[in-house]
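Colleague: Sharing a structure here in structure tokens format.
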């Protein structure tokens, strides 16, 4: 399929060729009005990469319920037992998911109590695993990883939000493109960073809920002979039964594939509809006119817009990962990838544009689940010098 060939080449050409700075936007945090009122279903980011310690396995990570503050973590860091957390896996190169990894959590109580996750793999195999409870002490909890006989490993719990970006500058950039179509204010990032060119990471100091699984690639691909998979995360709720005997079904509240698409390119009146739509709707052109107008607002040429649409819409808003190539965005997405600079540059008609935030505020692990420790309350009440990251 067209997109299968273009992902390793087209975006890489569009980003890397113009980028004089590290790869690096995009978050799905609070991207639509509905999920602003439904924090549990609010997806933050989707990551898909080959396990660097065992490249026969794929690591899938979705983050939800953003902006958990450390002083309230024991009451906020609870997975919603009414949600189905789902990784949609596409194996044939089109916009239709073929296989699924589903995670459901037992009812959470917080206050140091453990939830139980039930993980169902695409081959029908299921297993259960405890979450890592959030604690209120000075020392982060030891992360609990469950290894299953299928070869899969699972982690569910709170962690330092792995996403890094100056969200205030990004919002000002997007709003300026709407107020002045074709001539957005590209200086907002440098103005925020100041003379020292150190950007302000909006997500530093905040935790987020992490659902992570490491699974043999063969379980994800099944009988497919291809070496590329697509990954999309969805948070789904059961529809209400309006009358006795009515069949209830899961409906999608939020979805996330490629970075920035809904948050930066879909207009406000259409954001809820975008989140609720399947990836097939992207390929069918439901949001194509919206995407074109937004990309024009950022000052992109028609030819460049078509190249972007070929990746983010024609075969669905799906993150694609080659199973025979080391992972680096746009080939999948690792925690370290500086997505913001890459996407800002891409939608800036390929001209380099940075938010001056180049990495996470905490060190990532070198082994599964790879995330950084959750932020704990300020130890013993000691005041630390403000690093301006959260302003």
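Quick note: the coordinates plus some simple rules give every number you see, no bench work behind them. This is a predicted model, so every value here is computed, not measured. Here Cβ is always computed from backbone atoms with ideal geometry, including for glycine, and neighbour counts include all displayed protein chains.
Colleague: Could I have the simple spin-label model distance between residue 168 and residue 286, label points 7 Å from Cα toward Cβ, reported in nm to one decimal?
Modeller: 3.6 nm
Colleague: Using only DSSP helix segments of four residues or longer, with each worth -39500 (n - 2.57), what per-residue ellipticity at 222 nm results for the chain after dividing by its residue count and rounding to 500?
Modeller: Mean residue ellipticity at 222 nm (helix-derived): -5500 deg cm²/dmol.
Colleague: For the range 16-160, build the convex hull from the C-alpha positions and give me its volume per residue in Å³.
Modeller: So the per-residue hull volume is 182 Å³.
Colleague: If each residue of separation counts as 0.36 nm, what is the full-extension length gain between residue 366 and residue 147 once their alpha-carbon separation is subtracted?
Modeller: The span from residue 366 to residue 147 would gain 77.1 nm if fully extended.
Colleague: Please list the three semi-axes, largest first and in whole Å, of the ellipsoid equivalent to the range 2-360, using sqrt of 5 times the eigenvalues of its alpha carbon gyration tensor.
Modeller: Working from the Cα gyration tensor, I get semi-axes of 31, 24, 21 Å.
Colleague: Now for a different question. Return the distance in nm (one decimal) between the two label points of a simple spin-label model at residue 351 and residue 107, each offset 7 Å from Cα along Cα→Cβ.
Modeller: 5.7 nm
Colleague: Using the per-residue mean of other Cβ atoms lying within 10 Å as a proxy for protection, in what order, highest first, do the peptides 179-185, 63-69 fall?
Modeller: Ranking the peptides 179-185, 63-69 by packing returns 63-69, 179-185.
Colleague: First measure r as the distance between the Cβ atoms of residue 187 and residue 273, then evaluate 1/(1 + (r/R0)^6) with R0 = 41 Å and state the FRET efficiency to the nearest 0.05.
Modeller: Efficiency computed from Cβ-Cβ geometry: 0.80.
Colleague: Using 10 Å bins from zero, what percent of all Cα-Cα pairs in the range 167-211 falls into each bin?
Modeller: Bin by bin from 0 Å, the calculated values are 26, 39, 25, 10.
Colleague: Let me ask something additional. Sort the following peptides by mean Cβ neighbour count (other Cβ atoms within 10 Å, averaged over residues), highest first: 192-205, 116-129.
Modeller: 192-205, 116-129
Colleague: Still on this structure, please answer the following. May I ask you to order 154-167, 362-375, 242-255, 137-150 by the average number of other C-beta atoms within 10 Å around their residues, highest value first?
Modeller: 154-167, 362-375, 137-150, 242-255
Colleague: Taking square-rooted eigenvalues a ≥ b ≥ c of the alpha carbon gyration tensor, is the range 133-284 rounded, prolate or oblate, where a/c under 1.5 means rounded and, failing that, a/b exceeding b/c means prolate?
Modeller: Note, shape of the range 133-284 comes out oblate.
Colleague: A follow-up question, please. How would the range 213-277 be classified by its alpha-carbon gyration tensor: rounded, prolate or oblate, with rounded meaning a/c under 1.5 and the a/b versus b/c comparison settling the rest?
Modeller: oblate
Colleague: Testing the spin-label approximation: label points 7 Å from Cα along Cα→Cβ at residue 53 and residue 303. State their distance in nm.
Modeller: It is 4.7 nm.
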